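Input: a single structure, listed below in structure tokens.
The values are calculated or read from the model by the stated rules, or taken from the named source; none is laboratory data. It should be emphasised that the depicted structure is a prediction, and the values quoted were computed from it without experimental measurement. Neighbour counts run over all protein chains shown; Cβ positions are idealised from the backbone, glycine included. Ligands, DNA and RNA are excluded from the accessible area calculation, which covers all protein heavy atoms including side chains. Shrake-Rupley method; radii C 1.70, N 1.55, O 1.52, S 1.80 Å.
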Amino acid sequence: MSRISVVLSLLGRGREALVREVRDVVVVPWRGLRSRGPLGVSLALCAVLAVTGLHAFQQTAVGADVLRVVSEVRADQPLWLTLLRTPVSLFVPAVDLSVWGGLPRLFLAFALAELLFGRARTLVVAYAVTLAGTLGARVMIALGPDRLGLPGSAAHAVDTGASAAIVGLFAWTAVVLRAPVLFVVAVIPTVMGSFADPGLAGREHLVAVVVAALLGVVPYREWAVRRVVAPSVVSGR
């Protein structure tokens with residue numbers, strides 16, 4: 001009987017945790033979107049437009065040259081140049097990857113964080129995890145493959161795109177909200193892919209997840225959720 005009680009108690013706690021996560025990850029953002037309309041996800045929409053616009057511009061001869069000058073990031077560059085180009089490089093898709101497949105994840109990652117925590121925090125976290133991945137790659141290249149780093153040839157690889165920001169925003173949101181299902185669905189596949197293909201991009205994704213998780217530990221969860229939850233949501237009406 002005691003074992004049955006323990007199992008029922010665990011099931012009850014699991015159900016409560018799932019209901020809480022659905023509320024925080026689905027209900028609260030949805031109500032925020034309904035109350036604020038497209039302005040509530042303006043940053044996410046701008047991010048999608050920036051990526052698609054820069055992708056189209058990149059396909060032209062002039063655009064490719066311009067973006068090479070203003071957004072191309074490599075580990076063999078001076079650090080000041082990397083810091084200068086990183087904000088633009090975040091929205092320039094990698095040449096060897098399809099841009100269209102990543103747009104839904106880009107929009108969801110930015111929109112969810114924006115609705116829950118606001119534009120400023122979302123943009124700061126997206127930039128922070130992207131920069132952390134870029135700088136982390138420099139450290140790993142300096143370490144070399146013999147010390148679990150990256151080969152020197154990786155220093156010449158062009159490093160652009162929003163993939164680190166996307167997985168970082170999902171990880172940050174999941175940790176702040178204590179949402180394990182979101183983490184498993186939106187972050188773990190990328191982490192597993194990074195271990196399966198431990199190249200430059202994979203290592204940067206791992207660094208982005210770690211940094212995002214550390215940022216998410218900052219204890220402002222209750223403040224963040226209450227900031228967007230209307231009294232009717234709390235009362236359940």
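If you check Arg237, Arg227 for being at pLDDT below 85 and either closer than 16 Å to Phe117 by Cα or aliphatic (A, V, I, L, M) (or both), only one passes: Arg227. The residues in the stretch 149-162 that are in a helix (DSSP H, G or I) and open to solvent by 70 Å² or more (accessible area, probe 1.4 Å) can be counted, and the count is 2. Look at the stretch 24-39: where a residue is within 15 Å of Leu177 (Cβ to Cβ) and a partner is surrounded by 14 or more Cβ atoms within 10 Å (Cβ to Cβ) and of a type in the set (Gly, Ala, Ser), sitting 6+ places away or on another chain with Cβ atoms under 8 Å, you get Asp24/Ala179; Val25/Ala179; Pro29/Ala111; Gly32/Gly40.
Being loosely packed, with under 11 Cβ neighbours inside 10 Å, assigned to a helix (DSSP H, G or I) and either modelled with pLDDT of 90 or more or in contact with a strand residue (DSSP E or B) (Cβ under 7 Å, 6 or more places away or on another chain) (or both) is true for just one of Arg3, Arg13, Arg34. Which residue is that? Every option except Arg34 fails the conditions. Looking across the stretch 172-185, the residues that are surrounded by fewer than 22 Cβ atoms within 10 Å (Cβ to Cβ) and assigned to a helix (DSSP H, G or I) come down to Pro180, Val181, Leu182, Phe183, Val184, Val185.
Scanning the stretch 125-148 for residues that are within 23 Å of the chain's Cα centre (by Cα), more than 28 Å from Leu49 (Cβ to Cβ) and not hydrophobic (A, V, I, L, M, F, W, C) yields Gly136, Arg138.
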